[in-house]
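K.L.:
Have a look at this one.
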Amino acid sequence: MTDRIYPSAKPAGANPPASTNGATNPAFPATKAQLYGASRPQYRPQPKPQRYRRSCCCSCILWTIILVIALVFLAAIAGAIFWVLYRPQRPTFSVTTLRISQFNVTRSKDGSSSRLNSKLDLAVSTRNPNKKIVFGYEPITVSASSNGVGIGSGTVPAFVHERKNTTLMKASVTSAGTELDSSSASSLSADLKKKSGLPLEIEMDTKVQVKIGSLKAKKVGIRVSCNGIQAVVPKGKGKSADYS
């Protein structure tokens, strides 16, 4: 058998490994991450900003509520003082007399149209029960109706209603040739035949001004309604007829 010669595993000229006993590690250059970390400033947490705007808004709302409550309280005190000093009461109205001097419903022969001619004379009593309050009335519009059907209107002149005074107002409510629809004409004609009389409603519209000493309030509109009135049409004064 022939002997085989194997080459050495160590290449020629290879340096032996450095000894770890007492030898220093070689220095390597710094990486990019290390350089960036060295140059970056240190993070310092910032304190949260105080919410001055929200606290200011809450304060405004609180003061507004307090102001409103104070105004309501002062108004209640002023109202109580006014009530104790003046004891205000509203005036009263009542129809004392009402007389129908004319009430005619006429229809065309073909029944296509109807007309109303009427005249009512009435007196209304109004009383001012207040000791220190005066009422000033503008001209009053008086209107009369029966079951919702208008039968005339009139006016009462303006007047001043003095303290603790009762005033009698007189007015003539008229209608001259007012056209009526068929249902309204039939309703009025039927009511004329009733023994209980013609049901009437009286309404008065005006503006009134309240005066307390030298103080004058703003004028306000009012409406006075008087219901449940039954008026009997005298014989010969009321009729339902036809016209050509």
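The values are calculated or read from the model by the stated rules, or taken from the named source; none is laboratory data. Everything quoted here is computed from the prediction, not taken from an experiment. Counting neighbours? That spans all protein chains shown, and the Cβs are built from the backbone with ideal geometry, glycine included.
K.L.:
For the stretch 167-177, does any single residue satisfy the condition of being among the basic types (Lys, Arg) and surrounded by 15 or more Cβ atoms within 10 Å (Cβ to Cβ)?
P.N.:
No.
K.L.:
Out of the residues in the stretch 228-244 that are at pLDDT 85 or above and surrounded by 10 or more Cβ atoms within 10 Å (Cβ to Cβ), state the one that is farthest from the chain's Cα centre (by Cα).
P.N.:
My answer is 231.
K.L.:
Of the residues that sit in the stretch 88-107 and are in contact with a Lys or Arg (Cβ under 7 Å, 6 or more places away or on another chain) and among the hydroxyl-bearing types (Ser, Thr, Tyr), which one is farthest from residue 229 (Cα to Cα)?
P.N.:
Top of the filtered list is 106.
K.L.:
Take the residues in the stretch 118-142 that are touching a residue at least 60 places away in the same chain (Cβ under 8 Å), more than 18 Å from residue 198 (Cα to Cα) and over 30 Å from the mean Cα position of the chain (by Cα), then tell me which one is surrounded by the fewest Cβ atoms within 10 Å (Cβ to Cβ).
P.N.:
The extreme case among them is 132.
K.L.:
Output the residues belonging to the stretch 153-173 that are outside any loop (DSSP other than H, G, I, E, B) and farther than 16 Å from residue 97 by Cα.
P.N.:
153, 155, 159, 160, 161, 165
K.L.:
Could you check, for the stretch 57-77, whether at least one of its residues is in contact with a Leu (Cβ under 8 Å, 6 or more places away or on another chain) and surrounded by 11 or more Cβ atoms within 10 Å (Cβ to Cβ)?
P.N.:
Scanning the stretch 57-77, I find no residue that is in contact with a Leu (Cβ under 8 Å, 6 or more places away or on another chain) and surrounded by 11 or more Cβ atoms within 10 Å (Cβ to Cβ), so the answer is no.
K.L.:
Further, regarding this structure: Pairs under 9 Å by beta carbon, first residue assigned by TED's automatic domain parsing to the domain that holds residue 102 and among the aromatic types (Phe, Trp, Tyr) in the stretch 176-194, partner in a strand (DSSP E or B) and at pLDDT below 85, six or more apart or different chains?
P.N.:
So the pair list comes out empty.
K.L.:
Right, something else. Taking residue 115 and the conditions (1) crowded, with 20+ Cβ neighbours inside 10 Å; (2) touching a Gly at 6+ places or on another chain (Cβ under 6 Å); (3) farther than 27 Å from residue 90 by Cα, which numbered condition does it fall short on, given that it satisfies the others?
P.N.:
(1)
K.L.:
As an exercise: evaluate residue 205 against (1) free of Cβ contacts under 8 Å to residues at least 40 places away in the same chain; (2) out of contact with any Asp or Glu (no Cβ under 6 Å at 6 or more places or on another chain); (3) assigned to a strand (DSSP E or B) and give the number of the one condition it does not meet.
P.N.:
(1)
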